[in-house]
Amino acid sequence: MKSIRRPRKKILMGVLMMAMMAASTTGLAQAGEFEGREKLKAHSQEFRARVDEVTEGVYAAIGYSASNVTLIQGDTGSIIVDTSANPADAQAIVAAFGDRLVRPVYAIIYTHNHPDHTGGATVFAAGEKPDIYSHKLMITAEPHTGRGRRDGGDAFGTALPDAQFINAGTQLEYGRLTAHTREGFLTPTNTFDGQEDTLTIDGVRIQLIFTPGEADEHISVWLPDRKTLIAGDVFLKTFPNIAPLRGLPTRPAEKWIASLDKLIALKPEHVVPGHMGVLNGAVNINDALTAYRDGIQFVLDRTMEGIRAGRTPDELLQQIKLPQRLAEHPYLQEFYGTVPWAVRGIYAQKAGWFDGNPTHIFPMTDQERGKRMLQLAGGKDRLLASARASLASGDFQWAAEQVDNILALEPHNRDALEIKIKALRELGERQMNATARNYYLTVAMTLEKQL
Ligand SMILES: [Zn+2]
């Protein structure tokens, strides 16, 4: 909004607001303002449905479900890595594989417990009683869905209308079209403990490698004779979601880095990630895996340095930016995780909740602060007018923060809710991060129902 001068006369404010609303609906907004959203839309291409031949006898079904399914042909049958979100998706994938899926299926390997990877096993097994492989930790792994939808938000955008939904960060949809169920889940029959398991299944040499990061029990699958890595979710085409919005603990950055070091050392020539497209070529792969590792390492190191130097999370959020080489890397764009959330998550994990400012030892409640902020602003009407002006000038975060003071006292205040809804929608539309966009827009939708 830099091209529009802020008018001081109130009479112009309404005109300006109308102009801005028109601009945002007719695409006349300032160039670059919605760049993040356009990048996120372009990222949806990663989830286009297709079966890719990874290398001889290895096929990846991408975009038919929330996650990828890999088919490995053996001497007389097949091996499946991950099974999609549910039996219906798995059936579509079986159809897409066609006669490349040679029966029987001797083995199914789960990279980790998440339901989008484990929900369709029965369809691939088709009563053939394959061995089901996973890390031993998967038996006790907690389901990953998160601890509830705080504030009515939803990082996956499950309830958003189609017109507002772009993608769910690592997938085109997450439970929007077909549910994530445990209906098609088969319990692992062959688990291993520790770092590695070496197998030969139907003539195919396979190494299962313990690679915790996205999940504690996570493994990657290495086919040494085909230089092919089925990485799972430890390597995706997005900045990793180290500290997700959806109510999960921060993922362990050091373990994630160690996992990537193991994968880099394999020198793969083909990689199938758990979501998004296949990557080919030893040089490309080394570059992407190394950048991914370096991105996490950079954020971890700078955060730890900041903690030791007594910096607050707020200071670190302003200071820690990826260096240009990493910031521009296609595998570190913030479609799913973000650098600031990683900084916050690592700070809390390593140094606790307290930011070091004694004012925050026993801070006021939101209600107490709201009461005082209203007094300071000269009353509710003035605070609302100020928040409306912020909205009109494009200062959406400040608009939301101002009305939060009123909503802390009066959760159903219509004027405050209207401002907050507009602010959240504007913030959401400017996001490149799918989970932030989905959260903003879902809360806006939830609040609108309260009007
Ligand atoms: Zn996944």
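The values are calculated or read from the model by the stated rules, or taken from the named source; none is laboratory data. Small disclaimer: the values here were computed from a predicted structure and weren't measured. Positions of Cβ are generated from backbone atoms using ideal geometry, with glycine treated the same way; all protein chains shown enter the neighbour counts. Accessible surface is based on the protein model in full, side chains and every heavy atom, while ligands, DNA and RNA are left aside. Shrake-Rupley method; radii C 1.70, N 1.55, O 1.52, S 1.80 Å.
Show TRP353, TRP341 ordered by accessible area, largest first, where the area counts protein heavy atoms only and the probe is 1.4 Å.
TRP353, TRP341
Give me, ordered by chain and number, the residues 5 or more places off VAL105 or on other chains with an amide H under 5 Å from its own placed amide H.
SER78
Kindly report the accessible area of the stretch 364-448 per residue (heavy atoms of protein chains, probe 1.4 Å, no ligands, DNA or RNA), in Å².
45 Å²
When the Karplus curve 6.51 cos²θ - 1.76 cosθ + 1.60 is applied with θ = phi - 60°, which whole-Hz ³J(HN,Hα) does each residue of the stretch 215-228 get, with x for Gly and Pro?
9, 5, 9, 5, 10, 10, 10, 10, 10, x, 6, 10, 6, 10
Out of the DSSP beta bridges found with both residues in the chain, what percent are antiparallel (nearest 5)?
In the chain, approximately 65 percent of DSSP beta bridges are antiparallel ones.
Calculate one ³J(HN,Hα) per residue across the stretch 263-270 by plugging θ = phi - 60° into the Karplus curve 6.51 cos²θ - 1.76 cosθ + 1.60, and present them in order as whole Hz with x for glycine and proline.
5, 4, 5, 6, 6, x, 10, 9
Pairs of Cα atoms under 8 Å, at least six residues apart: use those to get the relative contact order of the chain, whole percent.
16 percent
Just going by the charge dipole of the chain, with Lys and Arg at +1 and Asp and Glu at -1 on Cβ, which of ALA423, VAL54, GLN319 is farthest out on the positive end?
Going by the Cα projections, it comes out as ALA423.
Is there a pair in LYS321/LYS420; LYS255/LYS350; LYS39/LYS267; LYS371/LYS420; LYS227/LYS321 whose C-alpha atoms are over 24 Å apart, and which pairs would that be?
Beyond 24 Å: LYS321/LYS420; LYS39/LYS267; LYS227/LYS321.
Taking loop as defined by DSSP and a crowding limit of 11 other beta carbons within 10 Å, which trypsin sites (Lys or Arg not before Pro) in the stretch 34-90 fit?
Counting only loop positions with at most 11 other Cβ atoms within 10 Å, the trypsin sites (Lys or Arg not before Pro) in the stretch 34-90 are ARG48.
How would PHE185, PHE192 rank on accessible area, largest to smallest, probe 1.4 Å?
Per-residue accessible area, sorted high to low, gives PHE185, PHE192.
Go through LEU407, PHE156, ILE93 and say which Cα lies farthest out towards the positive end of the charge dipole of the chain; charges sit on Cβ, +1 for Lys and Arg, -1 for Asp and Glu.
About the Cα centre, the residue reaching furthest to the positive side is LEU407.
Round to a whole number: what % of the accessible area of the stretch 309-360 belongs to carbon and sulfur, probe 1.4 Å?
Looking at the stretch 309-360 in its full context, I get 52 percent from C and S.
Share of the stretch 245-296's accessible area from carbon and sulfur, percent, 1.4 Å?
58 percent
Report, to the nearest 10°, how far helix 396-409 tilts away from the longest principal axis of the Cα atoms in the chain, using its own Cα long axis and a range of 0 to 90°.
Helix 396-409 sits roughly 80 degrees off the main axis of the chain.
To the nearest 10 degrees, how steep is helix 366-377 against the longest Cα principal axis of the chain, on a 0 to 90 scale?
With both axes taken from Cα atoms, the answer is about 40 degrees.
Using alpha carbons only, how many degrees (0 to 90, rounded to 10) separate the axis of helix 434-448 from the longest principal axis of the chain?
The answer is roughly 50 degrees.
Going toward the positive end of the dipole of the chain, with +1 on Lys and Arg Cβ and -1 on Asp and Glu Cβ, which of LEU391, GLY32, ASN433 do you reach last?
Of LEU391, GLY32, ASN433, it is LEU391.
Calculate for the chain the 222 nm mean residue ellipticity that helices alone would give, adding -39,500 (n - 2.57) per DSSP H run of length 4 or more and normalising by residue count, nearest 500 deg cm²/dmol.
-12500 deg cm²/dmol
What residues have an amide H closer than 5 Å to that of ILE201, excluding those fewer than 5 places away on the same chain, when H is modeled at 1.01 Å from N in the peptide plane?
ILE206
Given a 1.4 Å probe, how much area per residue of the stretch 235-356 is accessible, in Å²?
41 Å²
For LYS449, give me every one of the aspartates and glutamates with a C-alpha distance below 17 angstrom, ignoring sequence neighbours fewer than eight places off in its own chain.
ASP151, ASP154, GLU410, ASP415, GLU418
Considering only protein heavy atoms and a 1.4 Å probe, what is the carbon-and-sulfur percentage of the accessible area of the stretch 364-448?
Carbon-and-sulfur percentage of accessible area, whole number: 50.
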